[in-house]
Amino acid sequence: MLGAGCLLKRGFAKSRAPLTIRLRSILLRFAALPLLIFSASSGRAESCLIASDLDNATRTALTAAALRYFDLAAKGDTASLRQRALPNVASDFSVIETTVKDNQSALASSKAAVRPPFLLVAEGAASITRAEFYCGVFGSKGQTRDSAVFSLNNLSPGKYGVVILDAPLSKGAYTVSLILQQEGSDWKLGNLYIQAVEFAGHDSSWFSSRARDFQAKGQMHNAWLYYLEAISLVSPLPFMSTKASDDLYDESQKLQPADFPAEGKIADLSYGTATYKLTAVLPLVVSDDLDLIVRYEAADISNTSQAYQSNVAVMKALLAKYPELRTAFAAMVARAVDPSGRDYGTMLAMKEIK
């Protein structure tokens, strides 16, 4: 039986497009109703209870467990976190351990505030290939202020708590999101996500505003990439969508470049006599810089000298085709990925790519 930890590593939805489209198609069927409430009574194999639906004991237990795990993370006590994790998560704890160590100094000075928790219930005897949980009240146009949608792949039956904590700091803020799975009367740690709400002093609203500025200048590729960063900053979890993220997604979709890779679609990029198969072009936060990462297919990366030359060629080709990228990003990272999934990366400042 797969636990939450394995699920979080093996793959949640990478794109919100199918989710938003399906959600809206469901809502349109009930256009005559002013509000929709998805709850345990909906008859689905997946159901979601929001905080107001929970009994006091469950709500208190989830909140207490989340605060306890946050306190351990803030202290950098990964050994205790591992002891309280699901067995399959504890056996491979390196990702959580690294996440905690990378953010412990920031969290140490913060006092966390717990948001209302969610309880996801997956019923049945077998794993659900694509589990979607609609939480809270939805209107005719989709999500409302307090609603949320969670989309998970290969989810084992069970009860899962999702608790998000806000961790304000003197400069900036973080969200700490905990995925818990019920075992008896205990809530075991399934995974932990820590994300800055701001980057270099800029929040989601700043990036969406810059995206609109790029759009006004006709720089649609920059606009699209900045919208992606805005969505990332407003989303505590990669498999969760809210009204805020859906609104940004809807605003950005008309700008999605047809010549960029997206949702599994590969884009060709030519340079000289070579054609490179791009699999991803995304914004990437590196220290205090916003960089651009481009991934592409490579037959072989064993010859690192040749892989380096290919990486540089991809960077040059990308900037030759889209010179606007120079003004929006500090550096570029090109990663050649072979058929086995191994990669070789090269990072250069924009001014060094000539």
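Observations
- Only a single criterion out of (1) assigned to a helix (DSSP H, G or I); (2) at pLDDT below 95; (3) not acidic (Asp, Glu) is not satisfied by PHE214, namely (2).
- Pairs meeting the criteria (first residue in region 92-121 and among the charged types (D, E, K, R), second residue crowded, with 18+ Cβ neighbours inside 10 Å, beta carbons under 6 Å, at least 6 apart or on different chains) are GLU97/THR78; ARG115/ILE164.
- Condition met for LYS243 (surrounded by fewer than 22 Cβ atoms within 10 Å (Cβ to Cβ), of a type in the set (D, E, K, R) and under 20 Å from GLU324 (Cβ atoms)): no
- Conditions (1) outside the structural domain of ALA57 (by TED's automatic domain parsing); (2) modelled with pLDDT of 95 or more; (3) under 17 Å from the mean Cα position of the chain (by Cα): number failed by SER232: (2)
- On the stretch given as region 94-138, residues that are over 21 Å from the mean Cα position of the chain (by Cα) and β-branched (Val, Ile, Thr) total 2.
- Single residue of region 127-143 satisfying the filter (polar (S, T, N, Q) and surrounded by 15 or more Cβ atoms within 10 Å (Cβ to Cβ)) that is modelled with the highest pLDDT: GLN143
- Residues that are under 27 Å from ASN154 (Cβ atoms) and touching a strand residue (DSSP E or B) at 6+ places or on another chain (Cβ under 9 Å), drawn from region 246-264: ASP246, TYR249, PRO261, ALA262, GLY264
- Identity of the residue in region 319-354, among the charged types (D, E, K, R) and part of a strand (DSSP E or B), that ends up farthest from TYR271 (Cα to Cα): ASP343
- Helices (runs of 4 or more DSSP H) contained entirely in region 48-155, each with at least 2 residues that are in contact with a Pro (Cβ under 8 Å, 6 or more places away or on another chain): 56-75
- Residue list for region 212-244, filter: farther than 15 Å from VAL197 by Cβ and hydrophobic (A, V, I, L, M, F, W, C): PHE214, ALA216, MET220, ALA223, TRP224, LEU225, LEU228, PHE239
- All positions within region 163-185 that are in contact (Cβ under 8 Å) with a residue 60 or more places away in the chain and charged (D, E, K, R): GLU183
The values are calculated or read from the model by the stated rules, or taken from the named source; none is laboratory data. Computed from a prediction, not measured in an experiment: that's the story for all the values here. Every residue, glycine among them, receives a Cβ derived from its backbone with ideal geometry; neighbour counts consider all protein chains shown.
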